Amino acid sequence: MTLQDHWEHIYQTKHPVETSWFEPHLQTSLDWISEAAPDQSASIIDVGGGESTLADDLLTMHYRSLTVLDIAEAAITKSRNRLGAAAERINWLVGNVIEVALPPRAYDVWHDRAVFHFLIEPDQRLAYVRQLSSSLKIGGHVVIATFGPQGPEKCSGLVTMRYNAESLQRELGQDFRLVRSSVVEHHTPFGTAQQFLYCNFTLG
């Protein structure tokens with residue numbers, strides 16, 4: 001089974017509340033994005049957006065240039081159906097973040113909640129950083145959330161990586177400057193807790 005098949009199966013067979021990462025509203029992400037990009041004309045990409053309601057809430061906050069990328073077409077289809085006519089205000093992309101074609105210097109904010117920690121091979125992480133570095137505007141922000149030092153070692157049947165701010169900084173490289181970081185406890189729909197690390201970096 002390919003990675004894309006793996007995620008297609010999850011989104012085809014599970015309701016959002018049956019997934020450990022689900023939150024009704026990604027409030028931490030929303031707060032950090034609005035802080036990084038107070039101008040509602042900012043171009044924002046949500047990497048691994050899945051079925052999250054982040055795009056819904058950003059539209060409600062009057063952001064006008066939104067892109068949602070996910071490896072699973074089923075996730076994109078469900079999100080488009082949920083949003084109805086409002087979905088036409090979003091640019092939807094289906095593909096693997098380390099392979100998909102992204103426009104250069106296009107985004108003011110790159111948001112990633114729970115994609116990077118699934119990249120367990122060094123070449124995957126290098127490809128991710130190349131994509132990030134080329135598609136983010138100079139001075140743009142990366143709002144990224146990975147499993148923290150005490151986070152799960154596996155999720156959705158896949159091995160994960162765990163990070164602190166220093167190790168995540170090393171992965172992104174010296175072109176990125178850490179603005180701030182915070183460890184956040186995510187409460188899953190199953191009543192368990194997962195430790196997430198949130199970081200905001202700027203490029204250049």
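The values are calculated or read from the model by the stated rules, or taken from the named source; none is laboratory data. Just so it is clear, the model here is predicted, and its values are computed rather than measured. Cβ: placed from backbone, ideal geometry, glycine included. Neighbour counts: every protein chain shown. Heads up: the accessible areas ignore ligands, DNA and RNA and are worked out on the full protein's heavy atoms, side chains in. Shrake-Rupley method; radii C 1.70, N 1.55, O 1.52, S 1.80 Å.
For the chain, what % of the accessible area comes from carbon and sulfur atoms, probe 1.4 Å? Let's see the in-between values first.
Values: 4800 of 9490 Å².
Answer for the chain: carbon and sulfur cover 51 percent of the accessible area.
Each Lys and Arg contributes +1 and each Asp and Glu -1, all at the Cβ; summed about the Cα centre of the chain, the dipole is approximately 260 debye.
What fraction of the DSSP beta bridges in segment 24-183 is antiparallel, stated in percent and rounded to the nearest 5? Let's see the in-between values first.
Values: 2 of 22 bridges.
So the antiparallel bridges in segment 24-183 amount to around 10 percent.
The computed Rg and Dmax of the Cα atoms in Å for the structure shown corresponds, within (i) 19.0, 57; (ii) 30.2, 94; (iii) 15.6, 42, to (iii). Placing unit charges on each Cβ (+1 for Lys and Arg, -1 for Asp and Glu) gives the chain a dipole about its Cα centre, and among Ala75, Tyr163, Val17 the Cα reaching farthest toward its positive end belongs to Tyr163.
Restriction of the trypsin sites (Lys or Arg not before Pro) in segment 57-113 to DSSP coil positions whose beta-carbon has at most 15 other beta-carbons within 10 angstrom yields Arg64, Arg105.
Please give the peptides 12-18, 24-30 ranked by average Cβ packing (other Cβ atoms within 10 Å per residue), highest first, as a rough proxy for protection.
On the way: 12-18: 12.1, 24-30: 16.3.
Ranking, from highest mean packing down: 24-30, 12-18.
Computed over neighbours whose Cβ is under 11 Å from that of Tyr128, the net charge equals -3, Lys and Arg +1, Asp and Glu -1.
So, counting K/R as plus one and D/E as minus one, what does the shell of residues with Cβ under 13 Å around Glu88 add up to? Walk me through the intermediate numbers first.
Details: positive: Arg64, Arg80, Arg89; negative: none.
The answer is +3.
Accessible area per residue for the chain, computed on protein heavy atoms with a 1.4 Å probe, is 47 Å².
Using only DSSP helix segments of four residues or longer, with each worth -39500 (n - 2.57), what per-residue ellipticity at 222 nm results for the chain after dividing by its residue count and rounding to 500? Don't jump to the answer; show the numbers that get you there.
Working: 6 runs with 61 residues, N = 204.
After summing the helix terms and dividing by residue count, I get -9000 deg cm²/dmol.
Quick one: net charge around His186, please, counting Lys, Arg +1 and Asp, Glu -1 for every other residue with C-beta under 14 Å from its C-beta.
Details: positive: Arg113, Arg162; negative: Glu23, Glu185.
Computed value for this residue: 0.
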